[in-house]
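**Student:** Just passing along the structure, written as structure tokens.
The values are calculated or read from the model by the stated rules, or taken from the named source; none is laboratory data. The model shown is predicted, which means the values in this text are computed figures rather than measured ones. Heads up, the Cβs are rebuilt from the backbone with ideal geometry, glycines too, and the neighbour counts pull from every protein chain shown.
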Amino acid sequence: MEYRLERKRIILYIALAILVSFTLLSLYPRDGSGDSPYRDPENLKQLVDDQDSSYLLLDVRTPSEYSSGYIPTAQNLPLQILGENLPETSRDSLIILYCRSGNRSSQAARLLQKEGYTNVVDFGGINRWPYGLNR
């Protein structure tokens, strides 16, 4: 009897470990944006400071959130209207997205990838930006 109880406990622990593993894996980006150097605030700042025009930095927050402070060079294109107002840039251009916490930018990244954009980076939340904001 004790053997069966121990066996059930082991099976339960294995099932729990598998569930936790799948949950953790689902938190990581599958689009390759997790490997982008522009997920690092220092690298994004360097890109912004270089004023290289070969990228598009999109703030997908609401206009009122954007007006409260945004990363320099960012354009406001709220997630709510992104699907109807896709960026007018080449599908392979570098597009970097951010929002308040990372939720909307993640949704925006998935939407753009479904529309055929191939070089989309989800920076995450503006709270990851330790430098000055424009107003």
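**Student:** Output the residues belonging to segment 106-135 that are touching a Lys or Arg at 6+ places or on another chain (Cβ under 9 Å) and hydroxyl-bearing (Ser, Thr, Tyr).
**Tutor:** If the condition is that a residue be touching a Lys or Arg at 6+ places or on another chain (Cβ under 9 Å) and hydroxyl-bearing (Ser, Thr, Tyr), then 117, 118, 131 are the ones that fit.
**Student:** Please work out which residue is nearest to the chain's Cα centre (by Cα), limiting yourself to segment 93-135 and to residues that are within 16 Å of residue 65 (Cβ to Cβ) and aliphatic (A, V, I, L, M).
**Tutor:** If we take residues in segment 93-135 being within 16 Å of residue 65 (Cβ to Cβ) and aliphatic (A, V, I, L, M), then 97 is nearest to the chain's Cα centre (by Cα).
**Student:** Something else now. Output the residue which, of all residues in segment 107-135 that are among the small types (Gly, Ala, Ser) and surrounded by fewer than 19 Cβ atoms within 10 Å (Cβ to Cβ), is farthest from residue 46 (Cα to Cα).
**Tutor:** This residue is 116.
**Student:** Collect the residues in segment 107-131 that are under 21 Å from residue 62 (Cβ atoms), touching a residue at least 60 places away in the same chain (Cβ under 8 Å) and not basic (Lys, Arg), keeping them in residue-number order.
**Tutor:** Selection gives 109, 120, 122, 123, 124, 126, 129.
**Student:** Kindly evaluate residue 87 against the criterion of being within 23 Å of residue 42 (Cα to Cα), assigned to a loop (DSSP other than H, G, I, E, B) and either touching a strand residue (DSSP E or B) at 6+ places or on another chain (Cβ under 8 Å) or in contact (Cβ under 8 Å) with a residue 24 or more places away in the chain (or both).
**Tutor:** no
**Student:** Something else about it: Where residues in segment 18-35 are in a helix (DSSP H, G or I) and exposed (fewer than 10 other Cβ atoms within 10 Å of the Cβ), which of them is modelled with the lowest pLDDT?
**Tutor:** Only one residue tops the list, namely 26.
**Student:** Is it the case that residue 115 is among the acidic types (Asp, Glu) and modelled with pLDDT of 95 or more?
**Tutor:** It is true that residue 115 is among the acidic types (Asp, Glu) and modelled with pLDDT of 95 or more.
**Student:** Among the residues of segment 102-134, what is the count of those that are out of contact with any helix residue (DSSP H, G or I) (no Cβ under 7 Å at 6 or more places or on another chain) and on the phi < 0 side of the Ramachandran plot?
**Tutor:** Within segment 102-134, residues that are out of contact with any helix residue (DSSP H, G or I) (no Cβ under 7 Å at 6 or more places or on another chain) and on the phi < 0 side of the Ramachandran plot number 17.
**Student:** Then there's this: Those residues that are assigned to a strand (DSSP E or B) and of a type outside the set (Ser, Thr, Tyr), I need them from segment 51-82; list them, please.
**Tutor:** Matches in segment 51-82: 56, 57, 58, 59, 75, 76.
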